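The structure appears right after this line, and notes come after that.
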Amino acid sequence: MAVIYTLKQPLQFINSTGFDTTPNTDIFGNEVTTVTFAIGQDVGSGSNVQFNQLTATPPILIDNGIFKLDDGSISGSYTHTGNFSITNNFTYQDDLTISGKLTAEKIEAELTQSTVIFKSGSTKFGNSSDDSHKVSGSLLISGSFSLNSYEVTSISNDTNLTDSSATDLLTENALNNFSLAATDETVYLRKSFTKVGTFVSNTTASFSALTASAPSALTSTSELDFMFFNNGMLMEYDALEIEQSASVLFLKINSNSLGYELKSTDEIIGFGKFNS
């Protein structure tokens, strides 16, 4: 006859998070009872295991240590096919390859504010005026650009300069074919002739020439519009005075200021705004 031992106090297996027992009843041992323990899902090496939340002390080694999650860093090889979210700063020390589309609110590269690509489509390259940027190939600009704080909206090939735009740059062709009509001012400004003077006295020389008349928009012709040379030496303006009399221009000097008098053997040359 078999001896049966009955427990005075029941044997109890208590369920907990992730741990289930079947049956979940008191066991006194007065009959054969099979108890099954389960953890909710298969955790075999080939199983698809899911956790609602995972808490661990770093580092976490995955795939025999090939992929490592440590405090503030990720190292090793990693392939992800779904969404991947990072809520704080992310620093990667090696090459990063993205085979799909990269979407970001703002991208900063190399140094803070050195290269910035904004969500709006705007970009910022460089952070100081001595930065250089090289572009190989063609550059297409559909809007305006600023050059040393001056806005440029287009490049004009208009040979007539019709628009008189303050924001267009000219091509060589437009400037080369633009006709510069002569005006009284430009004709006067281009006049420059040389004359040989004749000795009149110790303080006066004469030139058989007319001075050019300045247009009303310009300052009247004076000795400042000429250079006078005595034997190759430039004569000081402060000691000179010119006087037009009919078709003769008289050069008068202040010998005290100049420091010498004119001689009949002197070669006196005048260069400047003669009429012809």
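The values are calculated or read from the model by the stated rules, or taken from the named source; none is laboratory data. These numbers come from a predicted model, not from an experiment. Neighbour counts run over all protein chains shown; Cβ positions are idealised from the backbone, glycine included.
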Can you name every residue in segment 233-249 that is surrounded by fewer than 16 Cβ atoms within 10 Å (Cβ to Cβ) and either polar (S, T, N, Q) or in contact (Cβ under 8 Å) with a residue 24 or more places away in the chain (or both)?
-> GLN244, SER245, SER247, VAL248
Output the number of the condition that SER45 fails; it satisfies all remaining conditions of (1) surrounded by 10 or more Cβ atoms within 10 Å (Cβ to Cβ); (2) closer than 30 Å to ILE74 by Cα.
-> (1)
Qualifying residues in segment 213-226 (those that are under 12 Å from PHE271 (Cα atoms) and buried (at least 16 other Cβ atoms within 10 Å of the Cβ)) - the one modelled with the lowest pLDDT = GLU223
Out of the residues in segment 105-140 that are surrounded by 10 or more Cβ atoms within 10 Å (Cβ to Cβ), at pLDDT 80 or above and of a type in the set (Val, Ile, Thr), state the one that is farthest from the chain's Cα centre (by Cα).
-> ILE117
Report yes if ALA182 is of a type in the set (A, V, I, L, M), more than 30 Å from PHE250 (Cβ to Cβ) and either surrounded by 13 or more Cβ atoms within 10 Å (Cβ to Cβ) or touching a residue at least 12 places away in the same chain (Cβ under 8 Å) (or both), otherwise no.
-> no
If GLU151 passes every condition in (1) part of a loop (DSSP other than H, G, I, E, B); (2) surrounded by 10 or more Cβ atoms within 10 Å (Cβ to Cβ); (3) at pLDDT 85 or above but one, which one does it miss?
-> (1)
Here the residues within segment 154-166 that are surrounded by 12 or more Cβ atoms within 10 Å (Cβ to Cβ) and either hydrophobic (A, V, I, L, M, F, W, C) or closer than 18 Å to LEU140 by Cα (or both) are SER154, SER156, ASN157, LEU161
What are the residue pairs meeting all of these: first residue in segment 97-108, first residue farther than 16 Å from GLY82 by Cβ, second residue basic (Lys, Arg) and surrounded by 10 or more Cβ atoms within 10 Å (Cβ to Cβ), Cβ atoms under 6 Å, and 6 or more apart or on different chains?
-> GLU105/LYS119
So which pairs qualify, if the first residue must be in segment 42-59 and free of Cβ contacts under 8 Å to residues at least 40 places away in the same chain and under 24 Å from ASP71 (Cα atoms), the second must be of a type in the set (A, V, I, L, M) and surrounded by 10 or more Cβ atoms within 10 Å (Cβ to Cβ), the Cβ gap must be under 8 Å, and the two must be at least 6 apart or on different chains?
-> PRO58/LEU69; PRO59/LEU69
Of the conditions (1) surrounded by 10 or more Cβ atoms within 10 Å (Cβ to Cβ); (2) of a type in the set (A, V, I, L, M); (3) in the same structural domain as GLN9 (by TED's automatic domain parsing); (4) modelled with pLDDT under 80, VAL35 fails just one. Which one is it?
-> (4)
Segment 113-130: number of residues that are in a loop (DSSP other than H, G, I, E, B) and in contact (Cβ under 8 Å) with a residue 12 or more places away in the chain = 5
For segment 218-232, how many residues are over 17 Å from LEU258 (Cα atoms) and touching a residue at least 40 places away in the same chain (Cβ under 8 Å)?
-> 2
Only one of these conditions is not met by ASP163: (1) not assigned by TED's automatic domain parsing to the domain that holds ASN254; (2) not in a loop (DSSP other than H, G, I, E, B). Which number is it?
-> (2)
